[in-house]
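Remarks on the structure that follows.
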Amino acid sequence: MSAPGIWRFADRLPLADPRHAVSLGEGGTPLLDVTDALGLPAGVTVRVKAEHLNPTGSFKDRIAAVALSLVRERSLRGVVGTSSGNGGAAAAAYGARAGRPVVLLALATAPPEKLVQIRSAGARVYLTDGLGHDPRTTLRVAEQVRAAAARHGWLALLTGGRYAPEIMYGARTIAYELAEQAPDATHVYAPIGGGGLYASLWRGYRDLGGAVPRLVAVQPAGCPTVRDALAGGPGVLPQPSTTGISGLQVATLFDDDVPAAVAGSGGHLTEVTDERVAAAHARLVRLGVSVEPAGATALAGLLDDADAGRLPAGARVVLVATGAGWKDVQALSSLAGSGPLPHGADLEELLA
């Protein structure tokens, strides 16, 4: 019987001895067909890679599983990293499973639900002003985390190839699964914050040696780091990020392979407004696909591309839904409406 989830691909992951693997059942997420509900041109199909159904509610579980496995195999003391919420929640849960401490520097604007999730698993969290939003602070803190982790025998949890390439092998497993589940995919739309997910999809497809679908990077217009990188810049904002999309408020790319991934896959960048993300979020949630706004950003990019005529006829699209809806109750509350619920109901009148 083969190993479940990401550990089916153990020969491609940086763990020497699979007996050290730490797992909570991550990976093996389904594809959900939402084609009929989107009203796109005939012949276009759209499927959602439901990464929000991972154990702690995001694709970051794949990365945390590899990270804590390496901590255990290498007898490291624990994990220290930065987080906007989802990576920290994953690290906290997998750290608890592995019996290792987790220390996190979190965005001061992280949703309370994510902070509760982190703390309930026993991790220590320290809010850090400017982290994520301000480029200088974000780069400085990342370098401090990497250096301090090396000095003290901890593993740095910085989810991008520039800082922690080994743990990012966990995110490549999404591409491995998509190659099996959707071998006909022509386009894969993925949201971008620090760029680790997007670049990992490209690296994962390249590992397999076959055709790579067009990888479309979807980023909030208020955090245009990819635009800067594609123009030959460092992928760092000259001023703080202004997007309100939790998880995508990263004022610098953490992965230098993003431009290569765009070019190498024949993909492109689509920037979307926060308002377009909110509309896409409402659409997915009301289809029963309960994601947070960051998890709906790929759909916002697809709809913008369709409106602009950038989506070719017959495209077979996969959207990567990155995080679960319950991680951002404020966003869900905006869809639920306000006001008190009524007490009692006359079913005969309601159902007539």
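The values are calculated or read from the model by the stated rules, or taken from the named source; none is laboratory data. From a predicted model like this one, the values you see are computed outputs, not experimental measurements. So basically every Cβ, Gly included, is an ideal-geometry build from the backbone, and we count neighbours across all protein chains shown. SASA here: full protein model, heavy atoms, side chains in, ligands and nucleic acids out. Shrake-Rupley method; radii C 1.70, N 1.55, O 1.52, S 1.80 Å.
Residues of the range 111-148 falling in the label zone of residue 242, defined by backbone nitrogen less than 17 Å from a point 7 Å along Cα to beta-carbon, are 133-135. Across the range 88-104, coupling constants 3J(HN,Hα) worked out from phi with the 6.51/-1.76/1.60 Karplus curve, θ = phi - 60°, read x, 4, 5, 4, 4, 5, 6, x, 4, 5, 7, x, 10, x, 10, 10, 10 Hz, and Gly and Pro carry x. Each other residue within a Cβ distance under 12 Å of residue 143 adds +1 if Lys or Arg and -1 if Asp or Glu, for a net charge of +4. Rounded to the nearest 20, the Cβ-based charge dipole of the range 220-349 about its Cα centre (Lys and Arg +1, Asp and Glu -1) stands at 260 debye.
Projecting the Cα atoms of 245, 204, 183 onto the dipole axis of the chain, where Lys and Arg carry +1 and Asp and Glu carry -1 at the beta carbon, places 204 farthest toward the positive end.
What FRET efficiency would be calculated for the residue pair residue 151, residue 263, taking the C-beta separation as r and a Förster radius of 45 Å, to the nearest 0.05? All intermediate terms of the calculation are to be shown ahead of the outcome.
On the way: r = 37 Å, r/R0 = 0.82.
So, using R0 = 45 Å, E works out to roughly 0.75.
Could you tell me the calculated FRET efficiency between residue 75 and residue 181, based on Cβ-Cβ distance and R0 = 51 angstrom, to the nearest 0.05? Each step should come with its number before you reach the end.
On the way: r = 36 Å, r/R0 = 0.71.
Approximately 0.90, to the nearest 0.05.
Extending 7 Å from the Cα toward the beta-carbon at both residue 341 and residue 116 defines two label points whose distance is 1.6 nm.
Between amide H atoms placed 1.01 Å from N, distances below 5 Å from residue 82 occur with 105, 157, all of them 5 or more places distant or on a separate chain.
Please work out how much length the chain gains when fully extended from residue 349 to residue 108, using 0.36 nm per residue of separation minus the C-alpha to C-alpha distance, in nm with one decimal.
Details: separation 241, 0.36 × 241 = 86.76 nm, distance 4.84 nm.
Once the chain is fully extended between residue 349 and residue 108, it gains 81.9 nm.
Backbone phi angles across the range 281-297, fed through the Karplus curve with coefficients 6.51, -1.76 and 1.60 (θ = phi - 60°), yield HN-Hα couplings of 4, 4, 5, 5, 4, 7, 9, x, 9, 7, 10, 7, x, 4, x, 9, 5 Hz in residue order; Gly and Pro are listed as x.
Amide H contacts under 5 Å for residue 267: 215, restricted to partners 5 or more places along the chain or on a different chain, H placed in the peptide plane at 1.01 Å from N.
Listed values (i) 19.8, 70; (ii) 21.3, 65; (iii) 22.2, 73 include one computed from this model; for Rg and Dmax of the Cα atoms in Å that value carries the label (i). With R₀ fixed at 45 Å, the C-beta to C-beta distance from residue 308 to residue 129 puts the FRET efficiency at about 0.75. Applying the Karplus relation 6.51 cos²θ - 1.76 cosθ + 1.60 with θ = phi - 60° to the range 220-235 yields 3J(HN,Hα) values of x, 4, x, 9, x, 5, 5, 4, 5, 5, 5, 8, x, x, x, x Hz, where x marks Gly and Pro. For the range 1-41, carbon and sulfur atoms together expose 53% of the accessible surface, with a 1.4 angstrom probe and every protein chain in place.
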